[in-house]
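Before any comments, here is the structure.
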Amino acid sequence: MITTEVSKTAISAAAAGIAGLCFVGYCFYFDRKRRSDPNFKSNLRKKRLLAKEHELAARAAKSAFPDFTDQQAVQRFFLQEVQMGESYLEQGDAARGVEHLANAVVVCGQPTELLNVLQRTLPDPVFDMLIKKLPGIGQEPDAPPAAAAAATATVVVRRSGHQRAGRVRRRVVFLFFFCRILISRFVVTMIILL
């Protein structure tokens, strides 16, 4: 009885392994076939050109900054940009969300405090995108000079490089041991089947 149950488990594991191997083989085959297509490079260039044109059109259609003498307009614009940034981030569109949050930081009267709040609430990659986006916004002609200077001059202290290196090292070690366990289980299953 027990041997039958073990053999069913082994057969199931072997079937899953073979199915996974077939899937990976198909991926390699499809990628090689796609890359050997004579029109692959020209199609790739066309796609990149279209993406660049869409990006330029999106920047041109970007919301204009309000009149900075009208405090209510600035406040409405600030709240609108924060809400739009949050909604884009919830939808998973980090680039648009960061763009709107960067606009909010530029018009904010206290950009340092806003950046500290965003640092605590946003994930690290999104916040890093926001920090990288701020100098570009400060150079736009419509941006207010005082707010842009305050936003770009703000230095937000993130985790030190040593802490990040430790975190990356832990992830690599985890992936190494995880792969090692998977491979050892696969080898044991194959030995049992043979």
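The values are calculated or read from the model by the stated rules, or taken from the named source; none is laboratory data. From a predicted model like this one, the values you see are computed outputs, not experimental measurements. Backbone-built Cβ (ideal geometry, glycine too); neighbour counts: all protein chains shown. The protein model used for the area step is the full one, side chains on, heavy atoms only, and it has no ligands, DNA or RNA in it. Shrake-Rupley method; radii C 1.70, N 1.55, O 1.52, S 1.80 Å.
Odds and ends about this structure:
- Of the criteria (1) part of a helix (DSSP H, G or I); (2) open to solvent by less than 40 Å² (accessible area, probe 1.4 Å), which one residue 84 fails: (2)
- Near pairs, Cβ below 6 angstrom, 6+ apart or cross-chain, from region 14-33 (touching a residue at least 40 places away in the same chain (Cβ under 8 Å)) to any residue that is part of a helix (DSSP H, G or I) and among the aliphatic types (A, V, I, L, M): 14/193
- Region 1-59 - residue that is in contact with a Leu (Cβ under 8 Å, 6 or more places away or on another chain) and open to solvent by less than 100 Å² (accessible area, probe 1.4 Å) and, of those, modelled with the lowest pLDDT: 10
- Any hit, region 93-113, residues being part of a loop (DSSP other than H, G, I, E, B), on the phi < 0 side of the Ramachandran plot, buried (at least 17 other Cβ atoms within 10 Å of the Cβ) and touching a residue at least 60 places away in the same chain (Cβ under 8 Å): no
- Exactly one residue among 46, 52 is farther than 30 Å from residue 115 by Cβ and out of contact with any Gly (no Cβ under 9 Å at 6 or more places or on another chain), and that residue is 46.
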